[in-house]
Amino acid sequence: MTADGPTTRGIPLPALETSGPPTGGISIAALGAARSVDAGLPADRIVVGIGARRGVRIRDLRMAMSDGLVAAGARARDVIALVSVEAKQAEPALQELAEMLNVPLRTLSADRLAGQSVPNPSAAAEAAVGTPSVAEAAVLAFGGELMVPKHVSHGVTVAVGRLPTAASTRRAAPGRAKPAVEPTPSNNLDDLHFEDLRHHGDAEIAPGLIDLAVNVRPTPAWLRDRLRAAVDGLAAYPNSDQATAAVAARHGRPIEQVLLTAGGAEAFVLLARALAPHRAVVVHPQFTEPEAALNAAGHSVQRVVLEPPFILYPELVPDDADLVFVGNPTNPTSVLHPTGSLLALARPGRVLVVDEAFMDAVPGEPESLAGSPGRPAPEVPGLVVIRSLTKSWGLAGLRIGYLLGDPELLQVCRANQPLWAVGSIGLEAAIACSTPEALAEADQVARAGEAEREFLLNTLGELADIELGAPPQGPFVLLRVTGSDPVGVHQRLRDAGWAVRRADTFPGLAPGWLRIAVRDRTTSAAFAAALDRAVHPVASPSSSLPRSAGPPATIDLRDNAASQLRQQRQEPV
């Protein structure tokens, strides 16, 4: 790593030319830096008790803990320990969660936990591990006061407690439960979530739930047939030459500017390993794997966090940033940034990575920087584009994507790939999805998706206490729930049979934000009714309630979207 700019392994990039200091007043936070405690909100010492089955998945633990913290009005940054029964001491997911939070995992004997008087004992827990309570008893035995009763989510039981401060005057007698205290949530919803860069929409799906969390359409029948036929060639080692040539022709590029990858996610990992940036910046909210990959590779990451309606102003990115990641259209905001705004980020010595995983879901791909035979890619030094075949072609399980960019940089990325990184079925998919016929089909599907998205917006526009994050241009919509209990809407939707993507795990978004996949009109209409009930669990459906005088209680999503889209298209460069 050098102070002059990013380097590849043995391949220096041009020195960065800076024109001045970074723009002030922007929301940039160094990854891992301690966040300041809000004035008037003293930091708590939070203990989380956890009970889980053997072999529990880490993502289930993360989601359950996040839900428990929200229910308790507690902040993840104040957690000082995880506590469980001794039998769970070697549970890999518990150890991983503790490492993620940088806190100790403490385990206590079943006898010690059984001696605690808890509000919610369980005969099942006693039969399994020898104590009628794990989560609640662990918090109490550790010396904490229960903030709320235990919370069961994703098959995991979580109890959240607060350790008494030195000013505490009331103590519980030995062996008796300490009195539960009322949670004192922050007024700022940004404090209430457990940021999880590795949480994705697939973690929301469960048997019996209607899936609005994952943005992947079904695999077309013709493509399934073609991939089945390719199975006959599995005995041969994969050769990527033909697939690379097909992708290059699809984008009007020489083959040296194409590197096939095992999905877009591998592309982020390869770039993180190939580069040694002086200052890496990720523009949020966006897909979190770029930051996770940079973090795993040992790089410090700085964030530029956009505010609704998530317009990208190039001057928000520090002048001395030599590696910048941005999505277009962006997940989860569904914002399509103008090419002018993106190209204004490019400069000598900077690698600019644009994630276009959802670009083929935009009719005509008007803001794409990937290029096509009729519209060549701009010749911009340091520009790298990432594409994926996952979404529009229903290939999430196959893992096929690619990098487009400077041959020298791609060669270093290739050196970090394992041999035969993309299998023969994935290579066949790349060939099949790059033909003119396939591209025409993808555009037709994208245009049909526009109409379905408009119907969803019109339907949601009838609901109260729903705000649109930005005018959507992708196959999903980002919403913010307001009203009396926005935090509980995600779980109430799950209870009603709907899986939606909680968006508070994206940096810059708080509880109450939800990402909704666009589906057919019947599904969208049924979902809107379910969302109305989840937002207003006691009152009658909001659409039937009389409107009070004064400012409207609802936001017209259609008018709001049109106004914001006009604002976005005024390129701020």
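Please treat every number below as a calculation from the coordinates, not as lab data. Predicted, not measured: the structure shown is a model, and the values here were computed from it. Using ideal geometry, Cβ is built from the backbone for each residue, glycine included, and neighbour counts are taken over all protein chains shown.
Between residue 153 and 158, the built amide H atoms are under 5 Å apart, and every one of these is 5 or more places off in sequence or on another chain. Taking R0 as 56 Å, what FRET efficiency do you get between residue 117 and residue 198 from their Cβ-Cβ distance, rounded to the nearest 0.05? Taking R0 as 56 Å, the efficiency between residue 117 and residue 198 is 0.90. Modelled spin-label separation between residue 520 and residue 249, with each label point placed 7 Å from Cα along the Cα-to-Cβ direction: 3.5 nm.
In this rough spin-label picture, where each label sits 7 Å from Cα along the Cβ direction, the residue 242-residue 492 distance is 5.5 nm.
Summing charges over neighbours of residue 494, with a neighbour being any other residue whose Cβ is under 11 Å away from its Cβ, gives -1 when K and R count +1 and D and E count -1. Think of region 369-482 as having a plus end and a minus end, set by charges on the Cβ of Lys, Arg, Asp and Glu; of 458, 433, 482, 433 sits farthest toward the positive end of this dipole.
A protection proxy built from the mean count of other Cβ atoms within 10 Å ranks the segments 337-343, 90-96, 522-528, most packed first, as 337-343, 522-528, 90-96.
Stretched out straight at 0.36 nm per residue, the stretch from residue 231 to residue 307 would grow longer than its current Cα-Cα span by 22.6 nm.
Taking each residue as 0.36 nm, the span from residue 224 to residue 444 lengthens on full extension beyond its C-alpha to C-alpha distance by 77.3 nm.
What the Cα convex hull of region 46-164 gives, in volume per residue, is 83 Å³. Take each peptide in 280-292, 462-474, count the other Cβ atoms within 10 Å of every residue, and average; sorted highest first, the result is 280-292, 462-474. Taking a Cβ cut-off of under 10 Å around residue 359, the surrounding Lys, Arg, Asp and Glu residues balance to a net charge of -3, with basic ones at +1 and acidic ones at -1.
Residue-normalised convex hull volume from the C-alpha trace of region 43-104: 75 Å³ per residue. Computed from the Cβ-Cβ distance with R0 of 22 Å, the FRET efficiency linking residue 205 to residue 152 stands at 0.75. Here the calculated FRET efficiency for residue 467 and residue 109, from their Cβ-Cβ distance with R0 = 41 Å, stands at 0.25, rounded to the nearest 0.05. Residue 411 label point, 7 Å along Cα→Cβ, cut-off 17 Å on backbone N: hits in region 240-282? Output list for this probe position: 254-260, 274-275. Dipole magnitude for region 46-164: about 200 debye, using +1 per Lys or Arg Cβ and -1 per Asp or Glu Cβ, origin at the Cα centre. What is the sum of charges around residue 429, taking Lys and Arg as +1, Asp and Glu as -1, for the other residues whose C-beta is under 11 Å from the C-beta of residue 429? Value of the local net charge: +2.
Descending by average beta-carbon neighbour count within 10 Å, the peptides 329-335, 256-262, 215-221, 244-250 line up as 329-335, 256-262, 244-250, 215-221, the highest first.
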